[in-house]
Amino acid sequence: MARFPRPHTPRLLYTLYSTKTTTAHSSSPTAALLSHNLNLQLRRFSSGNLARAAKEGEEPWWKDSMNRLRNIGISAHIDSGKTTLTERVLYYTGRIHEIHEVRGRDGVGAKMDSMDLEREKGITIQSAATYCTWNDYQINIIDTPGHVDFTIEVERALRVLDGAILVLCSVGGVQSQSITVDRQMRRYEVPRLAFINKLDRMGADPWKVLNQARSKLRHHSAAMQVPIGLEDDFKGLVDLVQQKAYYFHGSSGENVVTEEIPANMEALVAEKRRELIETVSEVDDKLAEAFLNDEPISSTELEEAVRRATISRKFVPVFMGSAFKNKGVQPLLNSVLSYLPCPVEVSNYALDQTNNEEKVTLSGTPDGPLVALAFKLEEGRFGQLTYLRIYEGVIRKGDFIHNINTGKKIKVPRLVRMHSDEMEDIQEAHAGQIVAVFGVECASGDTFTDGSVKYTMTSMNVPEPVMSLAVQPVSKDSGGQFSKALNRFQREDPTFRVGLDAESGQTIISGMGELHLDIYVERIKREYKVDATVGKPRVNFRETVTQRAEFDYLHKKQTGGQGQYGRVCGYIEPLPPGSSTKFEFDNMIVGQAIPSNFIPAIEKGFKEAANSGSLIGHPVEHLRVVLTDGASHAVDSSELAFKLASIYAFRQCYVAARPVILEPIMLVELKVPTEFQGTVAGDINKRKGVIIGNDQDGDDSVIAANVPLNNMFGYSTALRSMTQGKGEFTMEYKEHSAVSHDVQTQLVNAHKGTKATD
Ligand code: GDP
C-alpha cells in the first residue's frame, strides 16, 4: 500500500502534459480522478490535440495536474532540523544525489548553516521556491524567511503557501520561534502538519511535544504515527491510518520496508489510533457519525477525514521521525500529498483596481484571465530572477503580460522552473504553479495579468512610513554592502523607505514601526555583515492647517544687473475631509497678472515649502493652495523669483491657518491571559490609548485599542514583563490624527530646543 519511490534522477523537460503513469494508490482521495484524467491526457496527447475546452461531462484539462500540485513551506525554530529535513526531501525526490551532512552542536564539528553548505558543496539547498516531484505529484517547497518577525516579506511568503510543515524538536519541544511562526500561519490561514524530529536523540519524548503543541500552540492535534523505539533504539514508525510498520533500510534510509505491527505494540497502537479517531471526530461530522455508531473505520475513511479536518484548519496531524538518521521522511512526504490542499482547495482573492480595491474571489483555475504575483526577487547567475505564483489563468513564454502596479506591458522572455541546483525551461505554466521569469523589471509584490483585468494580489495603497531612524555603517569600507542591503530591502518591501537627511547628510530609514526597522538593522548586520550605528527612532509626525489664511507676498530684489520680482496673492486652506490627496494647487487667476509660464514655479515653491511646516519641521499635508492674483515685471520676473515668493508667502500665512500636528495612531491587538487583562488595559490607558474592543478567547482576553505610536516605544519589552512573557500583540497603522494641545506645545518646544542647539 505504501508509496515510497526510490530516489530517481531529475526528470528534465517534465512538462505540463507529462503522460507518465501515476503510482498513486487507491486510497488516495484523488485516485479516481487521476486515472480518469490520465486517460484523458493520453488521448489528447496521442492525437496531438491540445485543445483546452472541456466537453460536457469531461473533467477540465487541468484538473489532474492541479490535484497533483502542492505548494508548501517548512517552518521551524532554529536548530530543529529544517535544513536537514529539506535536504533529505531533495534527496528522496531525486533533486540531489548525495546527502551532505549538516554537522552541528549536537553532531561533530562546527555548525554549517545552509549557506555555508551551499558554498562548500556548490549546491543550492533552498532557492525561493524549489520544485520536486514525489509519486508524480509536483511539490514546490517555498522558502519561508528565516526572520520570523512581521514584515511584508514574511507575509508574502505565507500568502504563497497552500500548506506547511511545522518542524518541532522532540527534545526541545515547542520553543518561542515555533510559537511565532505558528501564530503567523494561523493568521494567514495556512493548513499545517507537525513533524516531531530528532527521535534518535537522548531525551526524545514525542508525547510530551504533542502535549505542548496542544497547550502552547492550541493545536487540535493527534499523533498519526507511533515510534518503534526511541533514542538509540529508534527503528521505525507505525502508521496509525494504514496500521502498518515502516522501517528505513539502506545507507540513506532509501528502502522503506513495510511490515506488520510488532506484536508488543498492538495495544499501544490501538489506543493511539482510537485517540486519533476521537480527536478528528470532534471536528469532522462524517467521522463522528461512524465513530459514535461504533462502526469499523477503514483507512480510507480515516485518511479522508484527516484530510478534510486538516484543510479546514480544525486539526493538525502529527508525524514523527529523525531527518538526520533518515527515518520518517518518505511517510512525511506522502502525508503532504494526502493531507495538505492542492491550490484549488484554498480560496484566494484579488483586489480590483477599477473598483476601489473591491475583493474579487479568484477561481484559482487556469480558465480565468492570468493573475500572477511576483513574490520574490533573486539575483541569479543570469540576472534578476522573479518568482511568480500564478493564481489564475495560464502564462506562456512569449506572452505579453501587464504589470498592474507600474502599468508596464512586458514580454515573457524566458520561463523556468527552479530545482534545488538547476533550472528547467518551460513553455507554459498554469494557475497554482510557481515559476520564475528572467529579465523582468519589477518589485516584489507586483501583480501581473494578461491585461484584461486590473487585479492586484496586494493593496496598491501602501501606507506611509510612520517611524524613521538614522543609520550609518561604522566603517567606510562597508558602504557598498550597506547600500546593496538597503536597495534590496526597498525593492522587497514597499513600506520600507530610504532617504537622506538634508541637514545632517545621514541615511534615514523609515518603516511601519520600531520592530519593523529593528528587523532591517539586524538583517544589515547578519546578512550583509555590516556593523551599523543606529540613531533614536522618531515618529513621523505630519502637520496640517485647520482654516483658511490669505497670502499676499511681493518678492523684490535689486542687486545690480537683473533683479528679482514676483508677487503672489491667494489663500491656503485645508482640503475637504475625506479627500485622499495630500496637496492641491489651483490657479484661479483671471487675466495675465502672472504670465502662465511662471505658474509651475509657483506650484513648486509651495510644494517645497510644505515639505517642512514651521511647527516641528514635518511635512504639511491635506493642503490646498489657491492662487488668485499677483504681479510680474517685464524684465525682473523669473521662475526663481516666483518660486521664492511662493516659499515666503507660505511661511507668511502658515501660522494664521492655525496649523496642528498629526501623529500616527496604531491599531493594537493584544492577546493576554485573562489574569493580566486589568494591568494591560491600565497600561494602554496610560499610553493615551482608546480601547475599542475586549473579547474572550478561551483563557485569553483579546483587546483592541487605538494608541498613538509615539507612546508605544519599547512596548514588546513592557508587555513581556507585564504578562510574564505570555502576552502577544500586533500593531498596524490606522490613521494620522491631531495631537492634543499639550502634546503639541511639548513637541513644538522640543523642536525649538533642538533647533537652538543645532
Ligand atoms: P535548522 O536550524 O532548523 O535548519 O536545523 P539544521 O538542519 O541545521 O539542524 C540543526 C542540528 O541538528 C544539526 O547539527 C543537525 O545535524 C541536527 N539534526 C537535524 N536533524 C536531526 C535529527 O533528526 N537527529 C539528530 N540527532 N540531530 C539532528
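Just so it is clear, none of the values below were taken in a lab; they were calculated from the coordinates. Keep in mind that what you see is a predicted model, and the values were worked out from it rather than measured. Positions of Cβ are generated from backbone atoms using ideal geometry, with glycine treated the same way; all protein chains shown enter the neighbour counts.
Pairs of alpha-carbon atoms within less than 8 angstrom and 6+ residues apart define the contacts here; what relative contact order does segment 159-232 have, in percent?
Contact order relative to length: 36 percent.
Shape call for segment 230-345 from the C-alpha gyration tensor, a ≥ b ≥ c root eigenvalues: rounded (a/c under 1.5), prolate (a/b greater than b/c) or oblate?
oblate
What order, most packed first, do the peptides 739-745, 652-658 have when packing is the mean number of other Cβ atoms within 10 Å of each residue?
652-658, 739-745
Among Ile311, Ser299, Ser281, which residue has its Cα furthest toward the positive end of the charge dipole of segment 257-339, with +1 on Lys/Arg Cβ and -1 on Asp/Glu Cβ?
The Cα lying farthest towards the positive end belongs to Ile311.
With r defined as the distance between the Cβ atoms of Tyr247 and Asn685 and R0 fixed at 60 Å, what FRET efficiency is calculated, to the nearest 0.05?
Given R0 = 60 Å and the Cβ-Cβ separation, E is 0.45.
Restricting to DSSP loop positions (anything but H, G, I, E, B) with no more than 15 other Cβ atoms inside 10 Å of their own Cβ, which trypsin sites (Lys or Arg not before Pro) remain in segment 526-572?
When the trypsin sites (Lys or Arg not before Pro) of segment 526-572 are filtered for loop state and at most 15 Cβ neighbours within 10 Å, Lys529, Arg548 remain.
Please list, in order, the residues from segment 481-498 whose amide nitrogen is less than 17 Å from a point placed 7 Å along the Cα→Cβ vector of Glu357.
Answer for this model: 493-496.
If r is the Cβ-Cβ distance from Ser504 to Ala270 and R0 is 60 Å, what FRET efficiency results, to the nearest 0.05?
0.25
What order, most packed first, do the peptides 128-138, 572-582 have when packing is the mean number of other Cβ atoms within 10 Å of each residue?
128-138, 572-582
Segment 360-429: which chymotrypsin sites (Phe, Trp or Tyr not before Pro) are DSSP loop and have at most 11 other beta-carbon atoms within 10 angstrom?
Phe382
What does the charge dipole of the chain about its Cα centre add up to, to the nearest 20 debye, if the Cβ of each Lys and Arg holds +1 and the Cβ of each Asp and Glu holds -1?
Roughly 1400 debye for the chain.
Where the centre of each part is set by its Cα atoms, how far does segment 272-307 sit from segment 331-348, in angstrom?
Rounded to whole Å, the Cα centres lie 19 Å apart.
If you take the Cα atoms of segment 612-758, find Rg, then find the Kirkwood Rh from the mean of 1/r over all pairs, what is Rg/Rh?
Using Cα coordinates only, the ratio equals 1.20.
What percent do you get for the relative contact order of the chain when only Cα pairs under 8 Å and 6+ apart count?
RCO, the chain: 9 percent.
Given the options Gly560, Gln744, Pro708, identify the residue whose Cα lies farthest towards the positive end of the charge dipole of the chain (+1 on Cβ of Lys, Arg; -1 on Cβ of Asp, Glu).
Sorting the options by dipole projection puts first Gly560.
When the helix-only estimate is applied to the chain (DSSP H runs of n ≥ 4, each -39,500 (n - 2.57), divided by the residue count), what is the mean residue ellipticity at 222 nm, nearest 500 deg cm²/dmol?
One gets -8500 deg cm²/dmol as the mean residue ellipticity at 222 nm.
Please report the antiparallel percentage of the DSSP beta bridges confined to the chain, to the nearest 5.
80 percent
Filter the GluC sites (Glu not before Pro) in segment 498-601 down to the DSSP loop ones having no more than 14 other Cβ atoms within 10 Å, then list what survives.
Within segment 498-601, the qualifying GluC sites (Glu not before Pro) (loop, at most 14 other Cβ atoms within 10 Å) are Glu503.
If you take the charge dipole of segment 441-508 about its Cα centre, with +1 on Lys and Arg Cβ and -1 on Asp and Glu Cβ, which of Thr458, Gly505, Gln472 is farthest toward its positive end?
After comparing all options, I get Gln472.
Percent relative contact order of segment 657-726, based on C-alpha pairs within less than 8 angstrom and at least six residues apart?
38 percent.
Which percent of the Cα-Cα distances in the chain go past 42 Å?
41 percent
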